[in-house]
Amino acid sequence: MGNPRGVKRDFVALETRRLRAARMFQQGESQAEIARVLGVHRQTVHRWSKQVEQEGPAALKKAGRAGRKPRLSTADLQRIAQELRRGPEVLGYETSLWTAPRVADLIERECGIRIILACLEDPASDGLELQRPAGRALERNEPAIRRWKKQRWRSLKKSPKRGANYRLHR
């Protein structure tokens, strides 16, 4: 079954479930019954049972963090967020647009760590917002564009010939 991608685990609830299993062991419940009541696999209950036998109920306390430890500390992330707010021109780039390679370069310069951007925590948590450039010229003339679409585009647009009949023949 596992944990669906993107779903945060409730570690407190998971620990509560394991400790409930430990109490059920002490009450003499069978492993199959514990698995059914808690909605877990029997192999999981068996593993918990072995841990309780060897180390006591405290062995089922918090399992610790899931996944790989972050390579960037909280201080590193704050320093990077501060540099991002200053803008890429400060680092010598010609435009004010942060691109993925520029952010990766910033992280390597500031922290000495080569990192894949997907590994970063949610930038919104630092008050930053992911943006994608609109790709429109600053000199864009919206009224002229609307006029062109209404008048000229209609004459250029392809349309089926009048009287054309499209029928399937059997």
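The values are calculated or read from the model by the stated rules, or taken from the named source; none is laboratory data. All of these numbers come straight from a predicted model, not from anything done at the bench. For neighbour counting, all protein chains shown are included, and Cβ atoms are generated from backbone atoms with ideal geometry for every residue, glycine included.
Starting from region 85-100, keep only residues that are more than 19 Å from residue 135 (Cα to Cα), then list their pairs with residues that are aliphatic (A, V, I, L, M) and surrounded by 11 or more Cβ atoms within 10 Å (Cβ to Cβ) whose Cβ atoms are within a distance under 9 Å, requiring at least 6 positions of separation or different chains.
Sorted first by the residue in region 85-100, then by its partner, the pairs are 85/128; 91/106.
Could you figure out which of (1) part of a loop (DSSP other than H, G, I, E, B); (2) within 27 Å of residue 10 (Cβ to Cβ); (3) of a type outside the set (Ser, Thr, Tyr) isn't true of residue 94?
(2)
Filtering region 97-112 down to residues that are part of a loop (DSSP other than H, G, I, E, B) and out of contact with any helix residue (DSSP H, G or I) (no Cβ under 6 Å at 6 or more places or on another chain), which residue is modelled with the highest pLDDT?
Of everything passing the filter in region 97-112, 112 is modelled with the highest pLDDT.
Of the conditions (1) outside any loop (DSSP other than H, G, I, E, B); (2) modelled with pLDDT under 85; (3) of a type in the set (Gly, Ala, Ser); (4) outside the structural domain of residue 83 (by TED's automatic domain parsing), residue 135 clears all except one; give me its number.
Of (1) outside any loop (DSSP other than H, G, I, E, B); (2) modelled with pLDDT under 85; (3) of a type in the set (Gly, Ala, Ser); (4) outside the structural domain of residue 83 (by TED's automatic domain parsing), only one is false for residue 135: (1).
Answer with yes or no whether residue 71 is out of contact with any Pro (no Cβ under 9 Å at 6 or more places or on another chain) and outside any helix (DSSP H, G or I).
Here the answer is yes, as residue 71 does meet what is asked.
Would you mind stating whether residue 59 is surrounded by 11 or more Cβ atoms within 10 Å (Cβ to Cβ), over 30 Å from residue 112 (Cα atoms) and in contact with a Lys or Arg (Cβ under 7 Å, 6 or more places away or on another chain)?
Working: surrounded by 11 or more Cβ atoms within 10 Å (Cβ to Cβ): yes; over 30 Å from residue 112 (Cα atoms): yes; in contact with a Lys or Arg (Cβ under 7 Å, 6 or more places away or on another chain): no.
Judged against the criteria, residue 59 is not a match.
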